[in-house]
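The values are calculated or read from the model by the stated rules, or taken from the named source; none is laboratory data. Just so it is clear, the model here is predicted, and its values are computed rather than measured. Glycine gets a Cβ as well: all are built from the backbone with ideal geometry, and neighbour counts include every protein chain shown.
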């Protein structure tokens, strides 16, 4: 039952499903590069404060920010690779009836498919 609900969520809103499940892993290369960029940014920020070069401090802060963002970012294509073509249905299905009747139809269809 939970597996069917997960498949339905993945077919309805893959971005939300991936955000909740956390299955997309970070690339180690990005984590290492982001960490190195962040540490270089800290060094530039400290050097900018010590030498009174405001520009160096600003560049250091921006480098730190970019490093953190790079380290915590996830691959962009991960959401596209995790959805299965067989589970994807059209976004909008035109049916006559009220919201509740459509929900009842979907519930009945799920129960018929599983049993």
Please identify the pairs in which a residue from segment 40-52 that is without any contact (Cβ under 8 Å) to a residue 60 or more places away in the chain has its Cβ atom under 7 Å from the Cβ atom of a residue that is loosely packed, with under 15 Cβ neighbours inside 10 Å and assigned to a helix (DSSP H, G or I), counting only partners at least 6 apart or on another chain. 48/54
Across segment 92-115, what is the total count of residues that are closer than 25 Å to residue 20 by Cα and either at pLDDT below 50 or surrounded by 10 or more Cβ atoms within 10 Å (Cβ to Cβ) (or both)? 4
When residues of segment 56-91 are limited to those that are under 13 Å from the mean Cα position of the chain (by Cα) and in a loop (DSSP other than H, G, I, E, B), the one modelled with the highest pLDDT: 73
For segment 4-16, which positions are exposed (fewer than 12 other Cβ atoms within 10 Å of the Cβ) and farther than 16 Å from residue 109 by Cβ? 15
